[in-house]
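Here's the structure we're looking at; comments come further down.
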Amino acid sequence: KQWYQRRVRARALAIFNVDEVVIFNDRPGVKVKGTMFEGVTKKTNANIVLARILQYLETPQYLRKALFPHHPDLKYAGLLNPLDCPHHMRATEVAPFREGVVVKRPVKKGKGSYVDCGIDKEVRIDKELEPGTRVTVRMSPESESTVKHYKGVAVSPDTPRTELGTYWGYRVRLAESFSSVFTECPYKDGYDLTIGTSDKGDLVEETVFRHFRHVVVFLGGLQGLEPVIEADETLQEADPRTLFDYYLNTCPNQGSRTIRTEEALLITLASLRQPIALNGMRD
């Protein structure tokens with residue numbers, strides 16, 4: 001059952017082109033330390049388990065063996081349905097960008113690194129990176145390749161999206177608390193549009209959205225966001241409506257008392273798809 005829920009969440013993130021997923025700790029007394037797992041047991045931190053599985057599913061299949069050593073937490077991950085994102089390419093597929101992992105191979109200083117991009121030959125890139133590092137590669141024209149390797153340039157994972165409009169997977173981030181989602185935001189100017197979800201919120205259809213560059217949407221657990229916000233001691237204001245630009249009910253007149261997180265994720269992303277598409281501005 002839990003594996004099914006995680007698969008649904010991962011596929012929802014990919015289907016709706018989500019760039020970043022932040023798993024925040026809704027229990028202040030429980031600390032999230034590091035990203036190494038201890039195995040799926042009653043004492044395992046569920047946030048860390050979910051983060052690792054989401055990372056695993058987002059990673060192209062040909063890179064998983066190199067990036068994810070055998071671990072009990074991923075015992076059944078191979079049975080989950082693939083995301084089949086644009087960056088999950090076949091070996092014979094020709095594309096301007098590919099995901100790869102730096103391999104441990106001797107290279108002269110200043111000559112870059114060799115990368116396994118899941119094709120018939122390794123790719124030599126311009127930067128010297130540590131073996132085992134995942135990297136996005138801009139593939140050079142085939143005419144520049146040699147008998148032994150192809151050539152490429154290491155670029156930001158955002159480049160395929162910003163240059164071609166191609167969805168390139170999501171990043172996973174763990175946050176110690178609700179407030180940490182904001183304070184540890186990876187974007188220079190932070191999130192310029194914040195949306196909270198609740199059955200006490202306003203209707204999406206009656207909301208006029210403003211333009212934005214980076215939007216963050218919050219979903220709570222079975223009890224919603226209210227208990228999470230109240231438990232965060234760093235927040236001086238406990239009223240959810242004052243913490244978000246919009247506080248929305250994405251599933252009005254629900255026929256069940258509770259909506260599970262994976263259900264809320266699909267419902268919310270579907271409800272917000274048009275407003276986000278119409279008002280989002282590219283970097």
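The values are calculated or read from the model by the stated rules, or taken from the named source; none is laboratory data. Owing to the predicted nature of the structure, the values given are computational and were not obtained by experimental measurement. Here the Cβ is made from the backbone with ideal geometry for all residues, glycine too, and neighbour counts use every protein chain on show. What goes into the accessible areas is simple: the full protein's heavy atoms, side chains included, and nothing from ligands, DNA or RNA. Shrake-Rupley method; radii C 1.70, N 1.55, O 1.52, S 1.80 Å.
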- How many residues are open to solvent by 70 Å² or more (accessible area, probe 1.4 Å) and either at pLDDT 85 or above or not polar (S, T, N, Q) (or both) if we restrict to segment 29-50? 8
- Message: Filter segment 243-270 down to the residues that are among the acidic types (D, E) and part of a helix (DSSP H, G or I) and list them by number.
- Response: E262, E263
- Note on the structure: The residue from S140, S156 that alone is farther than 30 Å from V8 by Cβ and of a type in the set (S, T, N, Q) is S140
- Note on the structure: R11: passes all of (1) of a type outside the set (D, E); (2) open to solvent by 30 Å² or more (accessible area, probe 1.4 Å); (3) at pLDDT 95 or above but (3)
- Message: Name the single residue that is surrounded by the fewest Cβ atoms within 10 Å (Cβ to Cβ) among those in segment 210-242 being within 22 Å of the chain's Cα centre (by Cα) and outside any loop (DSSP other than H, G, I, E, B).
- Response: G221
- Task: Inspect segment 171-181 for any residue being touching a strand residue (DSSP E or B) at 6+ places or on another chain (Cβ under 7 Å), within 30 Å of P96 (Cα to Cα) and open to solvent by 70 Å² or more (accessible area, probe 1.4 Å) and give the result as yes or no.
- Result: yes
- Query: Which residue pairs have Cβ atoms closer than 9 Å, lie 6 or more positions apart in sequence or on different chains, and pair a first residue in segment 92-112 that is on the phi > 0 side of the Ramachandran plot with a second residue that is of a type in the set (A, V, I, L, M) and open to solvent by less than 40 Å² (accessible area, probe 1.4 Å)?
  - Reply: G112/I125; G112/A154
- Task: Quick one: which strands (runs of 3 or more DSSP E) lie wholly within segment 51-165 and hold at least 3 residues that are within 26 Å of P186 (Cβ to Cβ) and open to solvent by less than 60 Å² (accessible area, probe 1.4 Å)?
- Result: 97-102, 134-139, 150-155
